[in-house]
Amino acid sequence: MARKPLVPKKRRTSKLHRSNAPAPIKNRKTLRGKRLAKADDVVVIYVHGISKHPPETVWKREWDLALFGRPVADNKTLSAYWSDVLHGKTTATSLSTQSILSPSFEPASILAAAKIDPDNRDALQFTQSLLESIAVVPANKSVRRFGARVLPVHGRWRGSIAEQFMWWFVRDAAQYFFDEQKRKQIKQRLIDKIPKSGEPFVLVTHSLGSVIGYEVLAELSTSQRAEAVLFVTLGSPLGLQEIQDEIRKRLRTLTIPDGVRAWHNFADGFDPVALDVALRDDFEPCRGVEIQDHLVGNTEFGLFKGWNPHHSGGYLAHPKVRNVVYRAARHDPTARFLVARDVAERFAFEERQPVLIEVLEPGYWAMDEETEEMQDRESKLPTELQNLEGRGANLATELKKIVAATSPDAMNDAAIIKLRKYVAARLTPREIQTLTSAHVKLNVFRVWRSSPKKALTERSRAALGVDAAAISYGATGRGVTWAVLDTGCRWDHPHFKNCNFEQVWDCTRRGDLPLSITKKSHGDRDGHGTHVAGIIAGSGSAGRHHYAGMAPEASLVVYKVLDDFGQGEDAWIIKAIDHIWQTNANSFGLKIHGVNLSLGGSYDPWTFGCGFSPICTELRGLWRQGVVVCVAAGNEGQIEVKTDDGNFDLNTSLSIGDPANLEQCIAVGSVHADKPNLYGVSHFSSRGPTSDGRQKPDVVAPGEKIYSCHAHFKIPKRGSKLTNENHRLYVADSGTSMACPHISGLIAAFLSVRQEFKGEPDRVKQILLANCNDLGRNACHQGAGIPNLVKMLVNT
């Protein structure tokens, strides 16, 4: 048999760079003059791929969530389900408990398992050739071997998961092509779903489903009109020579079916089924329609255990796939979703992922038909479910039941935590899908990813005018309390001896509320939080050097929201924010006047607007309560670019992270401590504007080689003299993490003198920005410049 080189094809023409969107429909008519349906009548039909799948309703919901972010009505998405034809009926329980196969890659064994006569010469040749194509066996040998072409780099995928996957693929393909009765039955499942009246539809297929979809569309084009405004193939094996040879036996030619208005093919470079990532050269154009090939990254999280580059969920949740389908199906991309894209994207992994389940607030309904049901039943709810607290408690209880039903021994791993507006948990894809099926009953508004966050300091006082303000105005921070959300703090450090250190709370441990850290604990094994806290408040000496915070007499409350390695997630931060909000709500006036977050991470612009992620929303609520929020701008201002001449460092705009892109906060960039006017903005400091066009950072502050408290200092023996050399009391560090607490301490010092501005964060921010020293740099790099505390006090 003639063999085709198994390498990606070269792009033939510049047409590969055209817009991803299907051709526009003019005057709402088809190319053949037929009237199109209304915008919301363009139905989307799903066709799945290889292996045993969950029951049809469960599988359809999984694809709905991955593609649209919510369950979709049956008249808008249809499922051409055929798994039961080859594998029999399944239940969610039987699917989750099925044993791992020990597949044999002998062609005869595969055919026997598929109930195909092993003496069928054509079937045997097809199976052997397909095994060779995907490098499971070397040529002319029936020995299992996973080749470098299939699984490069990521050896993690070379275990039983890969073996079972490959075995399913070869077996199912052989069964489809050489069992005529089953092939006919499978194709009929799709034919039954295609509108008979010629109304337009979108066909989304995955894996072997793309072969089914192609053959059905090609056959219908000669017998009846089938208006596929968009044909989508994901991880398709249509580029394999063996698959094409079998198709030619029945169709004689490979031509884009008449009636297909646009064909978009998506493939991941590591997908073993889509070894030939480009189909354009294989299928002849028809009526001016050519295949648009897209190489996409279904491998963004490929280092995760259990990664599958062929998984349908990763493809369906990809922004490019969504964009193409949404435009063809006339789906509003801003419509309310239930499951965030970055949550659905991780359905490709069977591991638990951290999520934030947002509780539907009483009296709020989204403007769609689904939540009309919520509105109708609101007045009929029991009293305990007519308030946010009751709904959150009920959701946490019901979620525990869901976990117990699917994974009885995994309750601790699920780590369910009830927050003020959210329930945080670590859930499997199946548990998330079960939750969404009952989202109306459980008053679930959205399921967000609990995004990861990480940790991002005597001479810098002069740069901010803090020394002069302390002498002239007594601006020392007395009477002001600041919260530090970080890795914890060593409150037994000598620097905090004369500082009013109120408490250290641990938000990383399980439980709905923060846990108090006892004085017997270390308090901060990472050290980042101690360094940050020392910049804000406290004072101390080591040898001949004196070190003082920006507001040495301010009170501190520390929340440990990052673990001992400086890593954390949104749920832990929101737990701290909830505690601060509740503390202030239960006090006469504000008890905590400001917060410092020297942490951050990226955000997904496809999931929420810039500055409107869950953590931004909660911080906005804290700001409106009267709390000043100071956030590090991020350390992503410089990236490494690989070129033919080597690697180069490149400074880049639009690098502000989350939550620094929140409008209701003070985002702080970094400058040189001694000569900011000469050296300007630090090379690592993130630059604006924000992705929605706002100026950030707001201000800059010293962030290079800043000395502050060392969490791993040596406790001196009684009577010994403290020195930095012998006890490592202070250490230098750099980053916007060090710049941010400078502004927190400066504002605390300001509020200790101008107490009438307590609880007025908007006024404080206005005064701060109006009294800065301009460095003469771009406003989206330096913001308003370096604040000057003396100016702030003089001008108020």
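Listing for the model above:
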quantity	calculated
Selected residue (only one of Gly693, Gly735 is at pLDDT below 95, touching a strand residue (DSSP E or B) at 6+ places or on another chain (Cβ under 8 Å), at positive phi and not aromatic (Phe, Trp, Tyr))	Gly735
Any hit, the range 555-567, residues being over 28 Å from the mean Cα position of the chain (by Cα) and of a type outside the set (Ser, Thr, Tyr)	yes
Count of residues meeting criterion [modelled with pLDDT of 90 or more, over 19 Å from Ala424 (Cα atoms) and in contact with an Asp or Glu (Cβ under 6 Å, 6 or more places away or on another chain)] in the range 599-629	0
Total residues in the range 238-282, condition charged (D, E, K, R) and closer than 20 Å to Asn323 by Cα	2
Residue count for the range 224-270, restricted to those that are within 20 Å of Ala174 (Cβ to Cβ) and of a type in the set (Asp, Glu)	3
Neighbours by Cβ (under 8 Å, 6+ apart or cross-chain): first from the range 665-686, within 19 Å of Ser598 (Cβ to Cβ); second of a type in the set (Lys, Arg) and outside any loop (DSSP other than H, G, I, E, B)	Ile666/Lys765
Which numbered condition Phe231 fails, given (1) in contact with a Lys or Arg (Cβ under 7 Å, 6 or more places away or on another chain); (2) outside any helix (DSSP H, G or I)	(1)
Test for Ile517: is it of a type in the set (Val, Ile, Thr) and over 32 Å from the mean Cα position of the chain (by Cα)	no
Leading residue by the ranking (farthest from Arg391 (Cα to Cα)) among those in the range 337-352 that are touching a strand residue (DSSP E or B) at 6+ places or on another chain (Cβ under 8 Å) and open to solvent by 10 Å² or more (accessible area, probe 1.4 Å)	Arg346
Complete set of residues in the range 86-103 that are at pLDDT 85 or above and touching a helix residue (DSSP H, G or I) at 6+ places or on another chain (Cβ under 7 Å)	Leu86
Some residue of the range 501-513 being open to solvent by 40 Å² or more (accessible area, probe 1.4 Å), more than 27 Å from Ala393 (Cα to Cα), part of a loop (DSSP other than H, G, I, E, B) and modelled with pLDDT under 90	no
The range 514-554 - residue that is at pLDDT below 85 and touching a helix residue (DSSP H, G or I) at 6+ places or on another chain (Cβ under 6 Å) and, of those, farthest from Gly566 (Cα to Cα)	Gly543
Considering residues of the range 288-310 that are at pLDDT 85 or above and either of a type in the set (Val, Ile, Thr) or in contact with a strand residue (DSSP E or B) (Cβ under 9 Å, 6 or more places away or on another chain) (or both) only, the residue farthest from Gly235 (Cα to Cα)	Val289
Whichever residue in the range 778-796 is at negative phi and touching a strand residue (DSSP E or B) at 6+ places or on another chain (Cβ under 6 Å) and, among such residues, is surrounded by the most Cβ atoms within 10 Å (Cβ to Cβ)	Pro787
Residue in the range 68-85 that is under 29 Å from Asn120 (Cβ atoms), modelled with pLDDT under 90 and either aromatic (Phe, Trp, Tyr) or open to solvent by 20 Å² or more (accessible area, probe 1.4 Å) (or both) present	no
Hits in the range 658-684 (condition: over 23 Å from Pro761 (Cβ atoms) and open to solvent by less than 10 Å² (accessible area, probe 1.4 Å))	Val671, Ala673, Gly680, Ser682
Conditions (1) open to solvent by 40 Å² or more (accessible area, probe 1.4 Å); (2) part of a loop (DSSP other than H, G, I, E, B); (3) of a type outside the set (Ser, Thr, Tyr): number failed by Leu775	(1)
Matching residues in the range 45-55 - criterion: being outside any loop (DSSP other than H, G, I, E, B) and out of contact with any Ser or Thr (no Cβ under 6 Å at 6 or more places or on another chain)	Ile45
Residues within the range 488-500 that are surrounded by 15 or more Cβ atoms within 10 Å (Cβ to Cβ), in contact with a Ser or Thr (Cβ under 8 Å, 6 or more places away or on another chain) and assigned to a loop (DSSP other than H, G, I, E, B), tallied	6
Residue count, the range 488-498 (criterion: closer than 22 Å to His579 by Cα and modelled with pLDDT under 90)	2
Any hit, the range 192-209, residues being open to solvent by 10 Å² or more (accessible area, probe 1.4 Å), in contact with a helix residue (DSSP H, G or I) (Cβ under 6 Å, 6 or more places away or on another chain) and not acidic (Asp, Glu)	yes
Residues of the range 263-289 that turn out to be among the acidic types (Asp, Glu) and either under 22 Å from Asp342 (Cα atoms) or open to solvent by 30 Å² or more (accessible area, probe 1.4 Å) (or both), as a count	4
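The rows are residues; the columns are (1) open to solvent by less than 50 Å² (accessible area, probe 1.4 Å); (2) modelled with pLDDT of 85 or more; (3) within 41 Å of the chain's Cα centre (by Cα).
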position: Phe105; (1), (2), (3): yes, no, yes
position: Ile110; (1), (2), (3): yes, yes, yes
position: Asp117; (1), (2), (3): no, yes, no
position: Asp122; (1), (2), (3): no, yes, no
position: Gln128; (1), (2), (3): yes, yes, yes
position: Leu131; (1), (2), (3): yes, no, yes
position: Ile134; (1), (2), (3): yes, no, yes
position: Pro138; (1), (2), (3): yes, no, yes
position: Arg145; (1), (2), (3): no, no, yes
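Yes/no per residue for (1) within 16 Å of Ile186 (Cβ to Cβ); (2) over 37 Å from the mean Cα position of the chain (by Cα); (3) among the β-branched types (Val, Ile, Thr):
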site	(1), (2), (3)
Leu220	yes, yes, no
Phe231	no, no, no
Gly235	no, no, no
Lys249	no, yes, no
Ala262	no, no, no
Asn265	no, no, no
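The values are calculated or read from the model by the stated rules, or taken from the named source; none is laboratory data. What you see is a predicted model, and the numbers here were worked out from it, not measured in a lab. Cβ coordinates were reconstructed from backbone atoms using ideal geometry, including for glycine residues, and neighbour counts include every protein chain displayed. What goes into the accessible areas is simple: the full protein's heavy atoms, side chains included, and nothing from ligands, DNA or RNA. Shrake-Rupley method; radii C 1.70, N 1.55, O 1.52, S 1.80 Å.
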